[in-house]
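The values are calculated or read from the model by the stated rules, or taken from the named source; none is laboratory data. Everything numeric in this text was worked out from a predicted model, so none of it was measured. Every residue, glycine as well, gets a Cβ built from its backbone with ideal geometry; the counts of neighbours run over all protein chains shown. With ligands, DNA and RNA removed, areas are computed over all heavy atoms of the protein, side chains included. Shrake-Rupley method; radii C 1.70, N 1.55, O 1.52, S 1.80 Å.
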Amino acid sequence: MIQPKSLVLALAAASALAGGVASVSALTPQQTVSLRHANYEKMGKAMKAIGGELKSGAPNKGVVLANAKVIAAVAPQQGKLFPAGTGPSSGLKTDALPAIWTDRATFDGLNARLVTEANKFVAAAGTGDAAAIGGQMKALGGVCGECHRKFRKED
């Protein structure tokens, strides 16, 4: 269940970003952390929905494409949602490791790969070909996993 305070923070953050990711500086550190977490959750749910479609044996092209577009829309925002003051040293609850800020070039490179693979995923989803979708999902998931291993605290 979404808590009212979380909903207000998410709406405020989304509103600030509506004009583009250049508006990230208008967010408080807590709003930034909340938005990036919500975006990762959104991408995870989309991946899960696509995985379910692929497991069904007869994936619904519309469902797969809609969820691939969610990932592609969110991915470019993520790299900009890690400004100074939003890491573990800020005291905010985050799964982000300090390495994001100490090895920014690697993190930014992985985020660029995420965007590229997400766009390829939309193209694969548009074909409706389960093998192409599955292959690109594996490529996209590989980038996600690499970033998690290097920059995300284990659960």
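Among the protein heavy atoms of the chain, carbon and sulfur supply 60% of the accessible surface, probe 1.4 Å, non-protein parts ignored. Working note: 222 nm ellipticity from helices only, DSSP H runs with n ≥ 4, each -39,500 (n - 2.57), summed and divided by the residues of the chain, gives -24000 deg cm²/dmol to the nearest 500. Proximity of backbone amide H atoms, modeled 1.01 Å from N, is registered between ARG152 and LEU97 at under 5 Å, excluding neighbours fewer than 5 places apart on the same chain. In plain terms, the bigger the Kirkwood radius, the slower the diffusion; for the chain, with that radius from Cα pairs, at 25 °C and 0.890 mPa s, Stokes-Einstein puts D at 151 µm²/s.
Could you tell me which of ALA75, GLY91, GLY52 has its Cα farthest along the dipole of the stretch 43-134 towards the positive end, charges placed at Cβ (Lys, Arg +1; Asp, Glu -1), taken about the Cα centre? Of the listed residues, the answer is GLY52. Panel note: the C-alpha atoms of the stretch 27-88, placed on their principal axes, show extents of 46, 18, 13 Å (largest first). Each residue of the stretch 138-148 is assigned a 3J(HN,Hα), and the resulting list reads 5, 5, 5, x, x, 5, 4, x, 4, 5, 4 Hz, derived from the Karplus form 6.51 cos²θ - 1.76 cosθ + 1.60 (θ = phi - 60°), x at Gly and Pro.
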